[in-house]
Amino acid sequence: MSRGLNWTRALADGDVSAVSPSVITADATLGDDTARLVAVVPDPKSPYHRARKGEVGLREGLSLAEAVTEAAAEDAHLPDDRRRPIIAVVDVPSQAYGRVEELLGIHHALAVAVDAYASARTAGHPVITLIVGTALSGGFLAHGAQANQILALDDPGVMIHAMHKEAAAKVTLRTVDQLDELARRIPPLSYDVTDWAKLGLCDELLDVENAGDPTGGDVQRAKDALTAAVGRARSGPRDLGNRLTSPGARKTRTASRRIREALAAQWQ
């Protein structure tokens, strides 16, 4: 079973529902809130063979958008500060790479998922991401990257990056060993979750006993962290400006900050 499925079941108050064979939802109590959990899980019988191991493909992108939009529509009559938190439980190896996906417009399918999350966030829903496994490439961009707050398990099995290491080696015309050497000096190249957390994108790393099959203590630790993240999201900005103003970003993303400042000055 996938980590995304295991953690969704562990965090859920009751049964898990299927929006599609590869996208599931459930409700979870977080303090005074009932949050909506959303996860992508493997579907070995998917007709899209490139999306059978938890990748975010055509059906997954549309199903994510459906799940998030449904929660937002149900809460549209509520005051902003009472709209439910949406928790993206993330364990996605990538987007689905395939000729069929490209022909049928995977960019559109992933874009509607991104739009659904961003729309919910700007409408007042605290959108929180909990990364429990891999969060790679377009899969993470569609499912997780639009969150007010991003939490991740501090575990070797957690990986957040633009692409798989072997693919990165091919693109950069280097060996995997050479990339590992560079990663020791350049944090953005590292595949270690603790290095990724230094880039200003991570709001908290969670220590757990069993990242693959969470214990009761792990679940309580995650719920406490998610509850705190919901509070921070509600009291903070609804945009993603904190990605460049956090202490980590101020230290490791100075070039990104200078470029943004230069662009803003020219635009004005």
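The values are calculated or read from the model by the stated rules, or taken from the named source; none is laboratory data. Given the structure is predicted, the values throughout are model-derived calculations rather than measurements. Here the Cβ positions follow ideal geometry from the backbone for every residue, glycine too, while neighbour counts run over all protein chains shown. Each accessible area value is taken on the protein alone, full model and side chains, heavy atoms only, with ligands, DNA and RNA left out. Shrake-Rupley method; radii C 1.70, N 1.55, O 1.52, S 1.80 Å.
If you roll a 1.4 angstrom probe over the protein chains with everything in place, what fraction of the accessible area of segment 1-128 belongs to carbon and sulfur, to the nearest %? The C+S portion of the solvent-accessible surface of segment 1-128 is 52 percent. A simple rule links phi to the HN-Hα coupling: the Karplus curve 6.51 cos²θ - 1.76 cosθ + 1.60 with θ = phi - 60°, which for segment 82-99 gives 10, 6, 5, x, 10, 10, 8, 8, 10, 8, 10, x, 3, 7, 7, 8, x, 5 Hz, with x for Gly and Pro. Accessible surface computed residue by residue for the chain, with neighbouring protein chains in place and a 1.4 Å probe, gives 49 Å² per residue. The dipole here belongs to segment 42-87: it is taken about the Cα centre, uses +1 on the Cβ of Lys and Arg and -1 on the Cβ of Asp and Glu, and is about 360 debye.
With r as the distance between the Cβ atoms of V176 and R258 and R0 = 35 Å, compute the FRET efficiency 1/(1 + (r/R0)^6) and round to 0.05. Here the calculated transfer efficiency is 0.65. For the chain, modelled as a GNM whose springs connect Cα atoms under 10 angstrom apart, the maximal fluctuation among D80, D177, D218 occurs at D177. Modelled spin-label separation between A162 and H77, with each label point placed 7 Å from Cα along the Cα-to-Cβ direction: 4.7 nm. What number comes out for the charge environment of V41, summing +1 per Lys or Arg and -1 per Asp or Glu over other residues with Cβ under 13 Å away? That works out to +2. The distance between label points at I186 and D239 comes to 2.9 nm (points 7 Å beyond Cα on the Cα→Cβ vector). Computed from point charges on the beta carbon alone (+1 for Lys and Arg, -1 for Asp and Glu), the dipole magnitude for the chain about its Cα centre is near 980 Debye.
Using just its DSSP H runs of length 4 or more, each adding -39500 (n - 2.57), the chain gives a mean residue ellipticity at 222 nm of -13000 deg cm²/dmol after division by all residues. This model, with +1 at the C-beta of Lys and Arg and -1 at the C-beta of Asp and Glu, gives segment 1-71 a dipole about its Cα centre of some 560 debye.
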